[in-house]
1. Write out the trypsin sites (Lys or Arg not before Pro) in the stretch 21-113 meeting two conditions: DSSP loop, and at most 10 other Cβ atoms within 10 Å of their Cβ.
2. Excluding Lys94 itself, what net charge comes from residues whose Cβ is under 15 Å from its Cβ, given Lys and Arg +1 and Asp and Glu -1?
3. What chymotrypsin sites (Phe, Trp or Tyr not before Pro) does the stretch 69-113 have in DSSP loop regions with at most 11 other beta carbons within 10 Å?
4. Would you mind computing, in nm to one decimal, how far apart the modelled labels at Lys71 and Ser90 are, each placed 7 Å from Cα along Cα→Cβ?
5. Given points 7 Å out from each Cα along the Cα-Cβ axis, report the Ala33 to Phe100 separation in nanometres with one decimal.
6. At a 1.4 Å probe radius, which order do Thr39, Thr84 fall into by accessible area, largest first?
7. Provide the gained length on full extension for the span Lys53 to Cys112, in nm with one decimal, where the gain is 0.36 nm per separating residue minus the Cα-Cα distance.
Amino acid sequence: METTADFNRRGADDLDMAASRKAIHYYPLIRHADLCEETKHECVEIIVASCEKFPSNHEAAAKQIKETLDKRCGPSWHCVVGETFALEISYETKNIIYMFLNSNLGVCAWKCS
């Protein structure tokens, strides 16, 4: 027969297991990158720096990412920053990165002429 204490203990264990299955990450998680390694590292640095500079202003972060990528990697970069968005885009081969920061902030930057 199960006592209340046993049930409560089992319930707490179930919650601990559920929490451990939920992946929370605080590092940049690259979901897709079609870039050379050097450019990929540069893009990650630019994106992280911009999102840290503007943590609650996604529009300003996207603008800074776009302008910095245009200067460093040549023109016609585009950028989307947000917690909920969907995309269907065309891009130049070897010129896209899609990543997450702080578990919920998505960033997609791509070059299109």
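1. Lys22
2. Cβ neighbours under 15 Å give a net charge of -3.
3. Counting only loop positions with at most 11 other Cβ atoms within 10 Å, the chymotrypsin sites (Phe, Trp or Tyr not before Pro) in the stretch 69-113 are Phe85.
4. 3.1
5. 1.7
6. Solvent-accessible surface, decreasing: Thr84, Thr39.
7. 18.7 nm
The values are calculated or read from the model by the stated rules, or taken from the named source; none is laboratory data. Only a predicted model underlies this, so the values are computations on that prediction, with no experimental measurement involved. All Cβ positions, even for glycine, are placed from backbone atoms using ideal geometry, and neighbour counts span all protein chains on display. All accessible areas refer to the heavy atoms of the entire protein, side chains included, with ligands and DNA or RNA removed. Shrake-Rupley method; radii C 1.70, N 1.55, O 1.52, S 1.80 Å.
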